[in-house]
Amino acid sequence: MTTLIKGGQVVSPAGAVEADVLVDGERIAAVAAPGALTGDETIDATGKYVLPGGIDAHTHMEMPFGGTHSVDTFETGTVAAAWGGTTTIIDFAVQAKGTSLLSTLDKWHSKADGNCAVDYGFHMIVSDVNDASLKEMRACVDAGVGSFKMFMAYPGVFYSTDGEILRGMQQAREIGATIMMHAENGIAIDELAAQAYAAGRVDPVEHGRTRPPELEAEATSRAIRLAAVTGAPLYIVHLSASQALAAVAEARDDGQNVFAETCPQYLYLSIEDLAKPGFEGAKYVASPPLREKSHQADLWRGLRTNDLSVVSTDHCPFCFKDQKELGRGDFRAIPNGMPGVEHRMDLLHQGVVAGEISLGRWVETCSATPARMFGLYPRKGVIAAGSDADIVVYDPAATQTLSAETHHMNVDYSAYEGFELTGKVHTVLSRGRVVVSPSGFSGGAGHGKFLARALNQYLN
């Protein structure tokens, strides 16, 4: 059976063009001038954009953290992603110290297999750097996992020393993999946090005050220097601070294989949210923390200049009740993470509405670039013959108000409660199957398939 999506504007990084799209089974069969194609069924996209499905390259479903775990399962999280126009997620398999990378990968496969509503891949978190785990990195690449996250933060949990990072980067350079880095100076941050607690400063806003932008910038610069020494490709995750962005821009101007992402929370929220009265600020605790609003203009500029290449969510939801509340009386015990996988496409479209980014850049940062960055292009990230029929029909004129009462994420609050947005998903196809339409959700757990990824397609 074929499906014709007609009357819309097909959007790519180059902009929008009027075209019809023919879907045959799970793939796009043709893209042609309006009226040139016919299909067994028709989706009317008149007045709407036709986009490649969004790719969220940074999610944490069912992630253990701080004695609890993120509340979205692979099923609920991918259903929410679909509602928001994201048709692929790349989640993180989290190595616990004393375990192997391959056993960790098997564990995450068991969590996701048969439960996902959209397609998915994995990155690997390397938290136990030793000869065995370094050797296993090559086996992970062979298994379709070519990106490895390391941490300069969270001493005693995920933290790696500079020497361990160096070894990880050397192995990545050898096998063609990309090192992803959580770049904050965790040693200094823990000391500042301990001093704040000892002085009786225990409210959620202290999470932001004890993780200053200078310590994100310092770690970012250090990671870039280590990558230069080793020749490894480096991808800075969830960049939040102007100073860190400046370090990335300098490295890119020098021709180094350094890339970075930011997240909607850093574009729209600020430390003022962390400082909300009572314990409300706990809802906004994530790392790196929300910054002063002055950083936001620089991040939007970074998206325009491509010094920020990707927008991901770092979706890691913890309920306010019973989970975030673990940190009452001690901000250090608040689980780090915020929900967002459902709203990324809409929030970035609001950037188009506001004139911060172009229509093409919206699609580039949310779909085309993550597809290339993480070895999925042209199967994903483009509306073209032969590509998977991951397609979003998007109504740029519709309006919506974000709220926990209406979102589909498995969490009891919205970080964007009351945000009024222009633009909304109308219809979503995942590999040719309509999973979201004006009639509701018609997908299901088990439709999503694991994506064995190739290596970074941007490397010099």
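Could you tell me whether any residue of segment 64-86 is in contact with a helix residue (DSSP H, G or I) (Cβ under 8 Å, 6 or more places away or on another chain), assigned to a strand (DSSP E or B) and buried (at least 21 other Cβ atoms within 10 Å of the Cβ)? Yes, segment 64-86 contains a residue that is in contact with a helix residue (DSSP H, G or I) (Cβ under 8 Å, 6 or more places away or on another chain), assigned to a strand (DSSP E or B) and buried (at least 21 other Cβ atoms within 10 Å of the Cβ).
Between 167, 201, the distinction of being assigned by TED's automatic domain parsing to the domain that holds residue 59, closer than 21 Å to residue 136 by Cα and either surrounded by fewer than 21 Cβ atoms within 10 Å (Cβ to Cβ) or free of Cβ contacts under 8 Å to residues at least 40 places away in the same chain (or both) belongs to 167 only. Looking across 363, 382, one residue alone is outside any helix (DSSP H, G or I) and within 28 Å of residue 2 (Cβ to Cβ). It is 382. When each of 260, 247, 194 is tested for being crowded, with 19+ Cβ neighbours inside 10 Å and assigned to a helix (DSSP H, G or I), the lone residue that passes is 247.
Taken together, 144, 156 contain a single residue that is assigned to a loop (DSSP other than H, G, I, E, B), farther than 23 Å from residue 240 by Cα and without any contact (Cβ under 8 Å) to a residue 40 or more places away in the chain, which is 156. Cβ separations smaller than 8 Å between residues 6+ apart or across chains give the following pairs from segment 208-231 residues that are more than 26 Å from residue 281 (Cα to Cα) and touching a residue at least 60 places away in the same chain (Cβ under 8 Å) to residues that are of a type in the set (Gly, Ala, Ser) and assigned to a helix (DSSP H, G or I): 230/172.
The residues on offer are 41, 26, and the sole one that is surrounded by fewer than 19 Cβ atoms within 10 Å (Cβ to Cβ), in contact (Cβ under 8 Å) with a residue 40 or more places away in the chain and more than 29 Å from the chain's Cα centre (by Cα) is 41. Please work out if residue 360 is surrounded by fewer than 23 Cβ atoms within 10 Å (Cβ to Cβ) and either touching a Cys at 6+ places or on another chain (Cβ under 6 Å) or within 23 Å of residue 339 (Cβ to Cβ) (or both). The answer is no for residue 360.
Residue-by-condition table, conditions (1) out of contact with any strand residue (DSSP E or B) (no Cβ under 6 Å at 6 or more places or on another chain); (2) charged (D, E, K, R); (3) within 27 Å of residue 62 (Cα to Cα):
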{"site": "284", "(1), (2), (3)": "yes, no, yes"}
{"site": "289", "(1), (2), (3)": "yes, no, yes"}
{"site": "318", "(1), (2), (3)": "yes, no, yes"}
{"site": "325", "(1), (2), (3)": "yes, yes, yes"}
{"site": "347", "(1), (2), (3)": "yes, no, yes"}
{"site": "366", "(1), (2), (3)": "no, no, yes"}
{"site": "383", "(1), (2), (3)": "no, no, no"}
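With respect to residue 216, is the statement that it is modelled with pLDDT of 95 or more, buried (at least 23 other Cβ atoms within 10 Å of the Cβ) and in a helix (DSSP H, G or I) true? In short, yes. Within segment 1-22, the set of residues being farther than 19 Å from residue 368 by Cβ and either among the hydrophobic types (A, V, I, L, M, F, W, C) or under 29 Å from the mean Cα position of the chain (by Cα) (or both) comprises 1, 4, 22. Search segment 96-123 for residues that are crowded, with 18+ Cβ neighbours inside 10 Å and pair each with any residue that is part of a loop (DSSP other than H, G, I, E, B) and basic (Lys, Arg) when their beta-carbon atoms are under 8 Å apart and the residues are at least 6 apart or on different chains. Filtered contacts from segment 96-123: 116/449; 119/380; 119/431; 119/449; 120/449; 121/453.
The values are calculated or read from the model by the stated rules, or taken from the named source; none is laboratory data. If you're wondering where the values come from, they're calculated on a predicted model, not measured in any experiment. Ideal geometry is used to build each Cβ from the backbone, glycine not excepted, and the neighbour counts take in all protein chains shown.
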